[in-house]
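Readers should treat all values here as calculations from the given coordinates under stated rules, not as data from a laboratory. What you see is a predicted model, and the numbers here were worked out from it, not measured in a lab. All Cβ positions, even for glycine, are placed from backbone atoms using ideal geometry, and neighbour counts span all protein chains on display.
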Amino acid sequence: MKRYFEFTDEKSARFWEIDLAGLTLTTGFGKIGTSGRTSEKEYENALLAEKEYDKLISEKTKKGYVEVQDTTGEKLKIELEEYRKWITTQDWSEEDEDDLITRDDFVIIRNAPDQTGIDLLEGKFGKMPKSYLKTLSEFGLSEFTYDWYNKTIMLSPEKIMECYDIVQGEMDFSDGLREEIEDEDGIDFSKFIPVMAGEGQDGRWALLNLSKKDYGQILYWDTDQAGYLKWTYKNLDEFILASFSGAREGKPLRLT
């Protein structure tokens with residue numbers, strides 16, 4: 001029984017969430033856009049746990065917290081089905097058939113990594129944004145293709161660790177670029193990790209922002225053009241949605 005609440009006024013924007021699983025009550029709180037802090041308590045019996053659960057929710061709503069439904073993944077599920085339908089309407093018969101992938105390969109949903117993989121990431125980079133973990137649990141290490149040739153892959157934790165060093169190296173390829181971005185935009189590029197890449201990992205990435213500023217956002221990074229800091233998306237769901245939308249307009253956000 002997980003529920004999520006937000007409180008905003010002129011001075012602050014905060015969240016509070018609560019989850020009751022068996023006899024364990026977990027609460028989390030913090031500034032909206034950050035991972036916040038969590039606490040956990042176990043009760044002797046279900047009656048006590050449920051009583052405290054109801055009490056805490058009542059206290060927060062009286063203070064002005066408003067419940068927000070988590071719709072992460074819902075729009076993307078719908079769009080995936082629409083995208084599959086759109087693929088069947090396309091005619092690429094003039095393309096080289098030796099290079100074409102099959103229509104069934106345009107959207108491949110694979111299993112999510114286990115907790116060991118998540119622990120690996122958080123051990124190196126810190127707590128992962130909830131929106132990213134939700135997308136990962138819903139869609140796993142999936143593959144999406146936006147035309148007959150270019151495949152985009154959701155990276156496994158192990159691959160993220162490997163590609164992180166590649167991305168940081170690309171950032172340092174242009175002299176002074178890292179310092180310029182930090183000075184002008186206040187962005188610490190070391191806090192960005194790659195979560196989606198092209199099959200060939202050729203200079204374009206979807207980077208997850210783990211810095212305090214814009215925590216959880218996705219940056220579409222093109223090293224060939226020294227990056228596009230203005231191409232940001234609220235979360236990974238929104239980036240994938242934008243990629244599907246662009247594909248149908250002939251302008252996909254390719255990562256190859």
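Each of LEU47, LEU155 was scored by other Cβ atoms within 10 Å of its Cβ. Arranged with the fewest first, they read LEU47, LEU155.
With a cut-off of 12 Å between beta carbons, the residues surrounding GLU82 carry a summed charge of +3, where Lys and Arg count +1 and Asp and Glu -1. Positive contributions from Lys and Arg (+1) and negative ones from Asp and Glu (-1), summed over other residues with Cβ under 12 Å from the Cβ of TYR65, come out at 0. Among SER12, SER142, a tally of other beta-carbon atoms within 10 Å of each Cβ gives an order, fewest to most, of SER12, SER142. For the residue pairs LYS130/LYS191; LYS31/LYS60; LYS85/LYS151; LYS60/LYS127, the C-alpha atoms sit more than 22 angstrom apart in LYS60/LYS127.
Assuming R0 = 25 Å, what is the FRET efficiency of GLU249 and GLU67, from their Cβ-Cβ distance, to the nearest 0.05? Once rounded, the FRET efficiency stands at 0.10.
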